[in-house]
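First comes the structure, then the notes that go with it.
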Amino acid sequence: IAQLAALTGNYGKPGTGCGRQGGHQEGYVRPHDKSRAKLVGSVYNGGPPANIDEYVKNNPKAKVYYISGTDPYLSTPNAQAYKKRVHERTMALTKYLSEQASLSGEPAGSEERAERILEGLEKTNGLFMVVIDMYKTETSRDAHVILPAAGWGEKPTTYINCNSRLLRIAEQFMAPPGDAKPDWWIWGRIATRMKELYEAEGNHEEAKYCAGMDWKTAAEVFLDGGNDFPDNRVSEADEATLPAECYRGVTYEYLRKVGQKGIQTPVRIDPKTGELVGTKRRYVHRFGTPDGKFKWYGTDPWEPDPLKFYPPEITKYLQGGNDSKYSFWLTTGRSQIIWQTGYNDRYLPEKVATVPLPYIEMNPEDARRLGINTGDIVELYNLEGNAVALVYVNDAPPPGTVFSIMYHWKGSFNHLTTSYTDPKTTIPWYKASRVAIRKLKGNLEDILKNTSLLPVNDFRS
């Protein structure tokens, strides 16, 4: 897509541009100072692996699994197999710790407890899981430690939108409940404790990587992140040399002063005046390459034969009789009604009543052939797993393809997706699975009486 935009001259002019295709924001500060990120597994030191799920499932070197703000038991590809294996590994450690406590009692202190956990990890090929979240998620049921996190409005935070690149602040307006803490507070305490333990061992090299994270306020974290961006005292003509999210020099005080007008990233410091300057439009003068020219990456040649085009995880469904047995393409996506995994919406009765069950949308032609009507309950299954769904019959999907809400708290269609992850982009194949569908007996009368079964993602006029 980026190359197509360049080819057609759609950069650096009004009404043009190209942005990532994701649906919500990612973290936008990464350690540009590579000396702060040399720990094994960091993006600067051989990791993380492209498919971290497979690594956690099968690699004995994976010992500690730290999950923050996500629910992989619902959201990860090939979720049924993933959940089974991670459950086996976490429970192996849990069982070992329980047996040892029965034999010799609970450890006397934290150091003894840590020693027993390390011993258990080696003896059982177990996995120690830590979850940080606002709620107890499906994944957290297997966690050994759950750290309660503060949510939106319970801490000040900043955000950048892809379409405008506006950096703005959202203020805290209420206290977090109970012992819940902001993410940065939790991470900072862990890093500081790691620093202390490394220093106690005399390992000052590793200790320095964990230094400087004893933050006291969110504003300090924001400044620390800003300082990890490169020197941004550049001219307007060289804005493309800066990372898109660069905000070096911006403070909470500045953001509070400009309010919701924000400032557009990348932010420059004018070399002449020393003032902060936002970037209205990117790539007007040059691209961010050494010579300023767009770098063409090319593309893979088109392969019309699906058995050569698709990865092995998919081609196994296109031959040997599986092509007729698993005859539907399954593609997953969002619902306009609930956010992501129903993260907070599952606790709102009006949302639950609107989307009470995982659902699929099926073309009328396919529905007639299978004797399926709107409101029926069906099972989708393949070699990866299975899922049960409520059916909406409409002509949004073409014949031979069914659309499903990507995950729901009562069932995830990622049970049916393969573990394939594209090696060039590290993007999982959520959008292309093959499934079979069979109608189940009976229906849920209360749901049919109280739930609208009209199309939920109809964008047509």
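Read-outs: derived from the displayed coordinates by stated rules, not from any lab. What you are looking at is a predicted structure, and each value in this text was computed from that prediction instead of being measured. Here Cβ is always computed from backbone atoms with ideal geometry, including for glycine, and neighbour counts include all displayed protein chains.
Can you list the residues of the range 340-380 with backbone N under 12 Å from a point 7 Å past the Cα of Asp395, pointing along Cα to Cβ? Once the point is set 7 Å along Cα→Cβ of Asp395, 363-365 turn out to lie under 12 Å by backbone N, inside the range 340-380. Considering every Cα-Cα pair within the chain, what fraction, in whole percent, is farther apart than 44 Å? Summing the P(r) tail past 44 Å for the chain gives 23 percent.
Can you tell me the FRET efficiency between Thr354 and Ser68 if r is taken as the Cβ-Cβ distance and R0 is 35 Å, rounded to the nearest 0.05? Working from the Cβ atoms, E equals 0.75.
For the range 288-324, the residues whose amide N sits under 13 Å from a probe point set 7 Å from the Cα of Leu7 along the beta carbon direction are 296-302. What shape does the range 306-450 have by the C-alpha gyration tensor, where a ≥ b ≥ c are the square roots of the eigenvalues, rounded means a/c under 1.5, and otherwise prolate means a/b greater than b/c and oblate the rest? In terms of gyration-tensor shape, oblate. With R₀ fixed at 35 Å, the C-beta to C-beta distance from Val388 to Glu220 puts the FRET efficiency at about 0.15.
Each of Val284, Val29, Val435, Val355 was scored by other Cβ atoms within 10 Å of its Cβ. Listed from fewest to most, they are Val284, Val29, Val355, Val435. Full extension of the chain between Glu205 and Ile427 yields a length gain of 76.5 nm, computed as 0.36 nm times the residue separation minus the alpha carbon distance.
Fewest-first ordering of Phe294, Phe403 by other beta carbons within 10 Å of each residue's beta carbon gives Phe294, Phe403. Among beta bridges from DSSP that stay inside the chain, the antiparallel ones total about 60%. Each peptide in 51-59, 410-418 gets a packing score, the mean of other Cβ atoms within 10 Å over its residues, and the list from highest to lowest is 410-418, 51-59.
The Cβ shell under 14 Å around Pro14 holds other residues with a net charge of +4, Lys and Arg each +1, Asp and Glu each -1. Neighbours of Ala389, meaning other residues whose beta-carbon lies under 13 angstrom from its beta-carbon, give a summed charge of 0 when Lys and Arg score +1 and Asp and Glu score -1. Ordered by the count of other Cβ atoms within 10 Å of each Cβ, fewest first, Arg168, Arg233 give Arg233, Arg168. Distance between the C-alpha centres of the range 335-365 and the range 199-247: 40 Å, rounded to the whole angstrom. Over all other residues within a Cβ to Cβ distance under 10 Å of Trp429, the charged ones net out to -1, with Lys and Arg as +1 and Asp and Glu as -1.
Packing, as the average of other Cβ atoms within 10 Å across residues, places the peptides 61-74, 266-279 in the order 61-74, 266-279, highest first. For the range 388-440, the spread of Cα coordinates along the three principal axes comes to 37, 26, 17 Å, biggest extent given first. A full extension of the chain between Glu99 and Glu196 corresponds to an added length of 31.8 nm, given 0.36 nm per residue minus the alpha carbon distance. Between the C-alpha center of the range 136-182 and that of the range 46-121 there is a gap of 24 Å. Distance between the pseudo-spin-label points of Asn125 and Gln319 (7 Å out from Cα toward the beta carbon): 3.1 nm. One chain, two ends: Gln260 and Lys61. Fully extended at 0.36 nm per residue, the span grows by 67.0 nm beyond their Cα-Cα distance.
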